[in-house]
Amino acid sequence: MKKLPIALAGALAIPIIGWLGLQVKPKPFPSYPQATPDLETVPLPTDLPAPVARYYKTIIGDQIPVIHSAVLTGRAKLRVFGLYFPARFRIVHVAGQAYRHYIEATWCGFPLMKVNERYIDGHARMELPVGVIEDEPKVDMAANLGLWGESVWLPSILITDPRVRWEAVDASTARLIVPYGAQEDVMMATFDPQTGLLQTLEAMRWKEATDASKTGWCNKTLGWKTFHGVHIPAQASVIWADEDGPCSTWDIQEVAYNVGVSEYIHARGK
């Protein structure tokens, strides 16, 4: 049996090694140094649309914890140039107000690309491997939808914030209206008819600052976990209507609620 030429064997080995490196999950970031305190609760509102009321009774119950902040730590997969890279992330929220994402896409467990992006005071700044994006009104509006879309991980804010309201559509669908400055934006929530749990949260969203029109965007629930008595869609994918397959999948592994984040949300890195 003839041996492959060294040059050919090397050429074949490169994509194999590259692929193997993409199968290695990175170590998660260390736990946030502050622990969740005892959470104050308020009664579940009585005026929610039926599928929304059922959802909250299922994931929390009749007493709703008041959540002011959240730090979410876990792993993800990000599609970059057609390849899915394993990643680790830390996401911090000031509930209903601001967020920061720090994400490291990895190869063989080592950071290869870093993302530090935040949305504070209505303005987004994205520090990406390709450069910095800021002062873009369409990006700001997209970030605002991202803020409220991610609020399913600190779900109390979607019924305790007086600026947010739900409107009935049918037995398994409701419209979620969220603030954007002095304006409003809309998302559609679908709930599983059998379990009552959230299935999707969808909206029309700006994808790029240069786009002439919005694109359909969907957060799809893949799995559930309970943290501090709150059942959240901890495993989810993000799907754009003009793409074949999800652009990212997320797996939250730790959550800290109502911890201090006033400095951390302005920081860079983990």
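Computed from the coordinates by the stated procedures, all read-outs in this text should not be read as laboratory data. All values derive from a computational prediction rather than experimental measurement. FYI the Cβ positions are ideal-geometry reconstructions off the backbone, even for glycines, and counts take in every protein chain you see.
Can you list the lysines whose alpha carbon sits under 19 Å from that of residue 225, skipping same-chain ones fewer than 8 residues off?
57, 77
Checking the a/c ratio against 1.5 first, then a/b against b/c, what shape does the Cα gyration tensor give for region 213-270?
Values: a/c = 2.72, a/b = 1.45, b/c = 1.87.
Because a/c hits 1.5 or more and a/b fails to exceed b/c, region 213-270 counts as oblate.
Only one of the listed values, (1) -0.34, -0.69, -0.93; (2) -0.27, -0.64, -1.01; (3) -0.39, -0.80, -1.01, was derived from the coordinates as log10 I(q)/I(0) by the Debye sum over Cα atoms at q = 0.07, 0.11, 0.14 Å⁻¹; which label is it?
Matching entry in (1) -0.34, -0.69, -0.93; (2) -0.27, -0.64, -1.01; (3) -0.39, -0.80, -1.01: (2).
Scanning the chain for helices, which whole DSSP H stretches are 15 Å or more long along the axis (Cα) and average 0.5 or more by Kyte-Doolittle?
On the way: long enough: 6-21 (22 Å, 2.06); 137-150 (20 Å, -0.03).
Counting only whole DSSP H runs, the qualifying helices are 6-21.
Can you sort 68, 93 from fewest to most other Cβ atoms within 10 Å of each residue's own Cβ? Walk me through the numbers on the way to the answer.
Working: 68 19, 93 26.
Exposure proxy ranking, most exposed first: 68, 93.
Among the aspartates and glutamates, which have Cα under 17 Å from the Cα of residue 138 when same-chain residues fewer than 8 positions away are ignored?
117, 121, 127, 184, 185, 208, 211
Can you give the helix-only mean residue ellipticity at 222 nm for the chain, where every DSSP H stretch with n ≥ 4 adds -39500 (n - 2.57) and the sum goes over all residues, rounded to the nearest 500 deg cm²/dmol? Don't skip to the answer; put the middle values down first.
Working: 4 runs with 44 residues, N = 270.
So the calculated ellipticity at 222 nm is -5000 deg cm²/dmol.
Checking the cross-link filter: which aspartates and glutamates have an alpha carbon closer than 18 Å to that of residue 27, excluding same-chain neighbours under 8 positions apart?
Those aspartates and glutamates meeting the cut-off are 104, 251, 254.
Ordered by packing density, taken as the mean number of other Cβ atoms within 10 Å over each peptide's residues, highest first, how do 165-171, 198-204 rank? Before the final figure, lay out each step's value.
Working: 165-171: 13.9, 198-204: 19.6.
Going by the mean number of other Cβ atoms within 10 Å, highest first, we get 198-204, 165-171.
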